[in-house]
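Data block below; observations after.
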Amino acid sequence: MESLHAPWRMQYILAPKVQSSDVSLFTRIAQSNDDEKHHVVARDRTCFAVLNTYPYNGGHLMVVPYKQVADFGELTDEEMTDLMKLTRRCQQVLKKVMKPDGFNIGLNLGRVAGAGILDHLHIHVVPRWLGDTNFMPILAHTQVLPEALSDVASRLRAAFSEC
């Protein structure tokens, strides 16, 4: 049997866990000035784009409104428009930088729909490649990502500044 080593995971394992509060993880990231630490790749007027720390695939972005809401009905028309425009921009940048064969774009509203962060709506933009599913996730329940999040974030930030 071969072993895969992921030493960067130890930082997460040993890090102090954030106490649950009324402020979501995304609100804390939105209010932070440390975009590199949080892998924020773009900020607009009412929303921002951030790399998923636990991605389904490399380059997995989330588009998040600054306003902490659980459902579309709580966003203004302007916020909805900005959210969709940034989602489109994320897709364009990922096409340019990562050259995927396709995308999964969507969101999960509510626990039964698979939402991991219930109180803060966010849109997933997941680049996909032919053959990107292999035996690792199927047999070993393990995802192998070929590039560090900080490197992906750096390349995406550069592309966002150009468009």
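We did not get these values from a lab; they are worked out from the coordinates using the rules stated. Owing to the predicted nature of the structure, the values given are computational and were not obtained by experimental measurement. No Cβ is skipped: glycine too gets one built from the backbone with ideal geometry, and neighbour counts run over all protein chains shown.
The amide H of THR46, built 1.01 Å from its N in the peptide plane, has no neighbour under 5 Å, considering only residues 5 or more places off or on other chains.
Between GLU78 and ASP132, the modelled labels are 3.4 nm apart [label points 7 Å from Cα along Cα→Cβ]. Under 5 Å from the amide H of ARG128 lie the amide H atoms of ASP101, GLY102, PHE103, ASN104, each residue being 5 or more positions distant or on a separate chain, with H modelled from the backbone and absent for Pro and chain starts. You can think of it this way: the chain between ILE117 and GLN31 has 29.3 nm of extra reach, that is 0.36 nm per residue less the Cα-Cα gap. Subtracting the Cα-Cα distance of ARG45 and LEU14 from their residue separation scaled by 0.36 nm leaves 7.7 nm.
Using the Karplus relation 6.51 cos²θ - 1.76 cosθ + 1.60 with θ = phi - 60°, the per-residue 3J(HN,Hα) values for region 113-125 come to 8, x, 5, x, 10, 5, 8, 9, 3, 7, 9, 8, 10 Hz, with x marking Gly and Pro. Summing +1 for each Lys or Arg and -1 for each Asp or Glu among the other residues whose beta-carbon sits under 15 angstrom from that of ARG111 gives -2. With R₀ fixed at 45 Å, the C-beta to C-beta distance from ASP22 to TYR56 puts the FRET efficiency at about 0.95. Placing +1 on the Cβ of every Lys and Arg and -1 on the Cβ of every Asp and Glu, with nothing else charged, gives region 26-162 a dipole about its Cα centre of roughly 280 debye.
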